[in-house]
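Report on the following structure.
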Amino acid sequence: MNIKKACGMLGLAMRAGKVASGEFATEKAVKEYKAYLVIVAAEASENTHKKFRNMCQFYKVPYLVFGTKEELGSIIGKEYRASLAVCDENFAKVIREHLA
């Protein structure tokens, strides 16, 4: 597990415009089949975890729990974020490899 590289790739994906952040944007990306990976903060509410876990299972999108809301926001240069969707297949693959 290489968290620094995963965070760097996530930041790069954000700068490339390939990350949807926040609950509504993440949900929209998943339902429009644009998301290749969903990351939810460990401290997000149980309802948020359940919602995205079930949605990702239904739409067959990989789902990861990683970091805090503050860390996720910081990685992508925003404030607090409970959820993110990576909308590029290659970025998603590399991030999953580093966080596995």
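The values are calculated or read from the model by the stated rules, or taken from the named source; none is laboratory data. Everything numeric here is computed off the predicted structure, so don't read it as measured data. So basically every Cβ, Gly included, is an ideal-geometry build from the backbone, and we count neighbours across all protein chains shown. In case anyone asks, the SASA skips ligands and DNA or RNA and just uses the protein heavy atoms, side chains included. Shrake-Rupley method; radii C 1.70, N 1.55, O 1.52, S 1.80 Å.
Just a few scattered comments:
- As a summary of the residue check, Leu72 satisfies the conditions (1) more than 12 Å from Ser21 (Cα to Cα); (2) assigned to a helix (DSSP H, G or I) except for the one numbered (1).
- Selection of region 64-95 for residues being closer than 16 Å to Ala29 by Cβ and basic (Lys, Arg) yields Lys78, Arg81.
- The set of residues in region 54-67 that are more than 12 Å from the chain's Cα centre (by Cα) and either under 14 Å from Glu23 (Cβ atoms) or polar (S, T, N, Q) (or both) comprises Asn54, Met55, Gln57.
- Identity of the residue in region 34-91, open to solvent by 70 Å² or more (accessible area, probe 1.4 Å) and among the hydrophobic types (A, V, I, L, M, F, W, C), that ends up farthest from Ala13 (Cα to Cα): Phe58
- Lone unmet requirement of (1) farther than 13 Å from Tyr36 by Cα; (2) touching a strand residue (DSSP E or B) at 6+ places or on another chain (Cβ under 7 Å); (3) assigned to a loop (DSSP other than H, G, I, E, B) for Val61: (1)
- Within region 1-33, the set of residues being surrounded by 14 or more Cβ atoms within 10 Å (Cβ to Cβ), free of Cβ contacts under 8 Å to residues at least 40 places away in the same chain and under 21 Å from Ala100 (Cβ atoms) comprises just one member, Gly8.
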